[in-house]
Amino acid sequence: MHRLLHATSAQAATGFFQARTTINGVTAVCDPLGGLFLPESSTLVVSDLHLEKGSAFARRGMMLPPYDTLATLRILEAIIARHNPATVISLGDNFHDRRGSAVMPETFRQMISAMARGRDWIWINGNHDPDGACGLPGTSMDELCHAGLVFRHQPSSVDGVGEIAGHLHPSATVRRRERSIRRACFATDGKRLLMPAFGVTTGGLDLRHRAMSGLFERERLVAHMLGRDRIYSVRFANLLG
């Protein structure tokens, strides 16, 4: 929960260290709160919010801590306040299941409406929520071409040049001071970028997992790992297997 602690701290607005990269020639800023900011188009990208995951599990008789939606939205509020984007793109699996946006409590709906006010808000449909967002501000679509890039939920196996995608929740592991540290990460080889999961109860898939095979040029692949208040950028060759 270090992202939530930092997002709600007094230093959240200024006490952080980002990492800059380029995706197919477009400048992008990796934020330690888990979002990607594109300064040239004033666009903020987040992915895999998995809102209402706790309530989805509860409907199946499995209890999770009930704070997931509130915590995720608090972090989203903080990163929007930090960058003040003109456009927000949420890259799919915005809700944990098809019913999530319809059953979400009014308090959370109001939080999203306040964040979306005065902005273009795009919900990319994911495999968990293919029907789009119900009764919320913004536009739902399967894919978006914007600011010289392509935004979709699942990475393409055919052509990933200029692609920003989610779905796989990349993570990476490094060794620091004689111990292993695993963190969610932005993964990019300069051609495409995979987003970390933004939802607070969403796990990660290691960059060396077979599901990542063929998506990147590994000699150019960098993991921009989320720290408490900074991004740690590590080349793929230096990650633990």
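Descriptive notes on the structure:
- Entry remark, region 163-183: residues being open to solvent by 40 Å² or more (accessible area, probe 1.4 Å) and assigned to a strand (DSSP E or B) number 6 in total.
- In region 96-125, the residues that are in a helix (DSSP H, G or I) form Cβ pairs under 6 Å with partners that are of a type in the set (S, T, N, Q) and open to solvent by less than 70 Å² (accessible area, probe 1.4 Å), at six or more places apart or across chains, as follows: PHE108/THR69.
- Here ASP229 passes the criteria (1) on the phi > 0 side of the Ramachandran plot; (2) open to solvent by 40 Å² or more (accessible area, probe 1.4 Å) except the one numbered (1).
- The one condition from (1) part of a strand (DSSP E or B); (2) out of contact with any Phe, Trp or Tyr (no Cβ under 8 Å at 6 or more places or on another chain) that LEU193 does not meet is (2).
Conditions tested, residue by residue: (1) modelled with pLDDT under 95; (2) in contact with a strand residue (DSSP E or B) (Cβ under 9 Å, 6 or more places away or on another chain).
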{"position": "GLU178", "(1), (2)": "yes, no"}
{"position": "ALA184", "(1), (2)": "no, yes"}
{"position": "PHE198", "(1), (2)": "no, yes"}
{"position": "MET212", "(1), (2)": "no, yes"}
{"position": "ALA223", "(1), (2)": "no, yes"}
{"position": "SER233", "(1), (2)": "no, yes"}
{"position": "LEU239", "(1), (2)": "yes, yes"}
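- Residues that are of a type in the set (S, T, N, Q) and either under 20 Å from VAL45 (Cα atoms) or open to solvent by less than 80 Å² (accessible area, probe 1.4 Å) (or both) within region 135-162 comprise THR139, SER140, GLN154, SER156, listed in sequence order.
- Test: residue in region 192-207 that is farther than 18 Å from ASP93 by Cα and in contact (Cβ under 8 Å) with a residue 40 or more places away in the chain: yes
The values are calculated or read from the model by the stated rules, or taken from the named source; none is laboratory data. Keep in mind that this is a model prediction, so the values were computed, not measured. Virtual Cβ from ideal backbone geometry, glycine too; neighbours counted across all protein chains shown. Accessible surface is based on the protein model in full, side chains and every heavy atom, while ligands, DNA and RNA are left aside. Shrake-Rupley method; radii C 1.70, N 1.55, O 1.52, S 1.80 Å.
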